[in-house]
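A.B. asks: Input: one structure, supplied below.
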Amino acid sequence: MTRDPTALRSHRWLGVDDLRSFGHRSRLLQLGYERADFAGKPVIGIFNTWSDINPCHAHFRARVEEVKRGVWQAGGFPLELPAMTLSEPFQKPTTMLYRNFLAMEVEEGIRSYPIDGAVLMGGCDKTGPALLMGALSADVPAIFVPAGPMLRGNWRGRVLGSGSDTWKYWDEKRAGTITEADWREIERGIARSHGTCMTMGTAATMMAVIEAMGFTLPGASSIPAPDANHPRMATESGRRIVAMVWEDLRPSQIATAAAIDNAITVHQAMGGSTNAIIHILALAGRAGIPLDLDRFDEISERAPVLANIRPSGAFLMEDFYYAGGLRALMRALGGLIDPTCMTVTGTAIGAGFGDAEVFDREVIRGLDNPVYPRGGTVILRGNLAPGGAVMKPSAAEPRLLRHRGPALVFDSYGAMKAAIDRDDLEVDADHVLVLRNAGPQGAPGMPEWGMLPIPRKLVQAGVRDMLRLTDARMSGTSYGACILHVAPEAHVGGPLALVRTGDIIGVDVAARRLELAVDEAELARRRAAWVAPAAKLARGYGALFARHVGQASEGCDFDFLAAGAPLPEPEIH
Ligand code: FES
């Protein structure tokens, strides 16, 4: 213990002798606690994103008790604070619309209550970045408890991966190569335990990124949710957060520029979701660390994909964990990781993986035998995306990495859906499918619409990949030649708004170029005639979101939540 109990934030609520603190204490006694349960102890707020509607966090009802057990063991006082769940499969139009909402909830929850330290329980896609964004802004000691991946899916002895195999078998169904009965069986076998998606989707990516930033216990991010190591990790996290409070080990000491570089390196090495780029930009923004898209490309140029996980590779997260997990991957990255960065353990990150071993070199490859040598995720720029666009070449057919073809433009997802399966749709495999008005402000919320379906007549002809271009995102479990996050988005008048069906679009991944082959004079004419679309949401949170959200290239955070302005302690009278 290095701090005096009177230095705790909670002391102002519970430790002083005045009328207001009498009220606070008497209300805790009303809950059945004794004074000795909380007097002079760190109050640990456990932000639990459990909900009946979130299958990825179904075990959090039990895990929170395991976290509390650790807090009690270490001499802390645990308080569970339910937080918005952001259930990826159910929340529409997209959980991304609510990431900043949860981040605000955590920030304000810490600020307004007597919280000395925070446990952040999340995993399903946006929950991880949202919880950590809030904790970074609040800057009280915080530790992340990742939900962990679910078990492998299974269909007639075949391994099924979340998302990736949904898209794959949906196309097989559309092509008539599997039956309706097969499809029903796949529905029953693809998600067969609690936990997050077990492909390298946004959840697995962000849990790894948050561990690489130093915010989990070593190796925590890849433990399968049903494995007994998972509750042990939860209890240990409860013990550790109490010690962090006494050490006054804050997020601002952990989230440094070098830690962000480690996170980007791990993102590349995992063959991680493109969504993580937006979230890492937002996390850096909250931590006050300058970061732009070019840094991702610089690191991508030197960091190979080593994790052989779908959709870029062949295996699933369960295989990854038993092959050694993230500790082994970070060690395999050698000098590409800065081992000196501080973590929630109070020691350098290198101490957490120094003795890690790879038990299956097919699942976690070495630098001498990568899954993809470099450039797993790349940043493209050009007259069509002056603010940048993102592509994951490792999940695309190589023939499409240098391509020119005519645009087929859709102004909304509904228009695309109505047309894409028509037999008279004029399209061939060289076309570039374009979906616009699906960005942060336009949708609003930037849904995962970016893996546009291949037109049915082409699927039936055997086509499985085409170049696709959008200001939307795509799920990390998706794959294909999809160019995403085009910035500025069409809704605010970005060049994407000016594309017409038939225009030639060219992409050259090696040169990092994305061009619209229309001369500047014609583009100027189209720009002058362009009329800004009306906002879709005129009231409530949606209106606030559309008014304040930044572009994808800036992390899609709200302008009023960036680092800088001080966060005052509340007045207690
Ligand atoms: Fe929750 Fe994929 S749906 S992680």
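The values are calculated or read from the model by the stated rules, or taken from the named source; none is laboratory data. Fair warning: this is a prediction, and the values are worked out from it, not measured in the lab. Backbone-built Cβ (ideal geometry, glycine too); neighbour counts: all protein chains shown. Accessible surface is based on the protein model in full, side chains and every heavy atom, while ligands, DNA and RNA are left aside. Shrake-Rupley method; radii C 1.70, N 1.55, O 1.52, S 1.80 Å.
A.B. asks: Quick one: what pairs do we get from region 353-375, first residue under 19 Å from residue 200 (Cα atoms), second loosely packed, with under 13 Cβ neighbours inside 10 Å, C-beta under 6 Å, 6+ apart or different chains?
C.D. replies: 374/301
A.B. asks: So which residues in region 2-57 are in contact (Cβ under 8 Å) with a residue 12 or more places away in the chain and within 16 Å of the ligand (Cβ to nearest atom)?
C.D. replies: Answer for region 2-57, where residues must be in contact (Cβ under 8 Å) with a residue 12 or more places away in the chain and within 16 Å of the ligand (Cβ to nearest atom): 48, 49, 50, 51, 53, 54, 55, 56, 57.
A.B. asks: Another question, then. Would you point out the residue of region 374-412, among those that are crowded, with 18+ Cβ neighbours inside 10 Å, of a type in the set (A, V, I, L, M) and farther than 16 Å from residue 471 by Cα, that is nearest to the chain's Cα centre (by Cα)?
C.D. replies: 395
A.B. asks: Also, I was wondering about something else. Name the pairs: first residue in region 415-426 and within 18 Å of residue 173 (Cβ to Cβ), second residue of a type in the set (A, V, I, L, M), Cβ to Cβ under 8 Å, at least 6 apart or on different chains?
C.D. replies: Note: pairs meeting the criteria are 420/452.
A.B. asks: Only one of 69, 152 is of a type in the set (Lys, Arg), farther than 24 Å from residue 198 by Cβ and touching a residue at least 24 places away in the same chain (Cβ under 8 Å); which?
C.D. replies: 69
A.B. asks: For region 27-68, enumerate the residues that are touching a strand residue (DSSP E or B) at 6+ places or on another chain (Cβ under 8 Å), among the hydrophobic types (A, V, I, L, M, F, W, C) and closer than 15 Å to residue 84 by Cα.
C.D. replies: 46, 47, 50, 56, 60
A.B. asks: While we're on this one: With respect to residue 118, determine if the residue is within 23 Å of residue 345 (Cβ to Cβ), at pLDDT 95 or above, assigned to a strand (DSSP E or B) and small (Gly, Ala, Ser).
C.D. replies: It is true that residue 118 is within 23 Å of residue 345 (Cβ to Cβ), at pLDDT 95 or above, assigned to a strand (DSSP E or B) and small (Gly, Ala, Ser).
A.B. asks: Can we say residue 79 is more than 16 Å from the ligand (Cβ to nearest atom), modelled with pLDDT of 95 or more and not in a helix (DSSP H, G or I)?
C.D. replies: yes
A.B. asks: For residue 560, work out the one condition from (1) in a helix (DSSP H, G or I); (2) open to solvent by less than 60 Å² (accessible area, probe 1.4 Å) it doesn't fulfil.
C.D. replies: Of (1) in a helix (DSSP H, G or I); (2) open to solvent by less than 60 Å² (accessible area, probe 1.4 Å), only one is false for residue 560: (2).
A.B. asks: Further question: Considering each of 259, 220, 225 in turn, give the residue that is touching a residue at least 24 places away in the same chain (Cβ under 8 Å) and farther than 27 Å from residue 192 by Cα.
C.D. replies: Only one candidate passes the filter, namely 259.
A.B. asks: Where residues in region 422-443 are open to solvent by less than 10 Å² (accessible area, probe 1.4 Å) and assigned to a loop (DSSP other than H, G, I, E, B), which of them is modelled with the lowest pLDDT?
C.D. replies: 442
A.B. asks: Pull up region 175-202, narrow it to residues that are within 14 Å of the ligand (Cβ to nearest atom) and under 28 Å from residue 420 (Cβ atoms), then point me to the one that is farthest from the chain's Cα centre (by Cα).
C.D. replies: Per the criteria, the residue is 190.
A.B. asks: Something else now. Name the single residue, out of those in region 149-163 being within 16 Å of the ligand (Cβ to nearest atom) and in a loop (DSSP other than H, G, I, E, B), that is nearest to residue 123 (Cα to Cα).
C.D. replies: Residue satisfying both the conditions and the ranking: 150.
A.B. asks: If you don't mind, another one. Name, by its number, the condition in (1) assigned to a loop (DSSP other than H, G, I, E, B); (2) out of contact with any Cys (no Cβ under 6 Å at 6 or more places or on another chain) that does not hold for residue 88.
C.D. replies: (2)
A.B. asks: Please verify whether region 181-192 includes one or more residues that are over 23 Å from residue 260 (Cα atoms) and assigned to a strand (DSSP E or B).
C.D. replies: No.
A.B. asks: Show the residue pairs meeting these rules: Cβ distance below 9 Å; 6+ apart or different chains; first residue within region 158-169 and free of Cβ contacts under 8 Å to residues at least 40 places away in the same chain and hydrophobic (A, V, I, L, M, F, W, C); second residue more than 13 Å from the ligand (Cβ to nearest atom) and part of a helix (DSSP H, G or I).
C.D. replies: 160/169; 160/186; 160/189
A.B. asks: While we're looking at this one, here's another question. Look through region 72-90, keep the residues that are closer than 20 Å to residue 195 by Cα and among the small types (Gly, Ala, Ser), and return whichever of them is surrounded by the most Cβ atoms within 10 Å (Cβ to Cβ).
C.D. replies: The qualifying residue surrounded by the most Cβ atoms within 10 Å (Cβ to Cβ) is 83.
A.B. asks: Still on this model: For region 91-115, enumerate the residues that are within 30 Å of residue 163 (Cβ to Cβ), of a type in the set (Ser, Thr, Tyr) and either assigned to a helix (DSSP H, G or I) or more than 13 Å from the ligand (Cβ to nearest atom) (or both).
C.D. replies: Result: 98, single match.
A.B. asks: Shifting gears a bit: Of the residues 421, 411, 471, only one is over 18 Å from residue 497 (Cα atoms) and of a type in the set (Asp, Glu); which?
C.D. replies: So the residue among 421, 411, 471 that is over 18 Å from residue 497 (Cα atoms) and of a type in the set (Asp, Glu) is 421.
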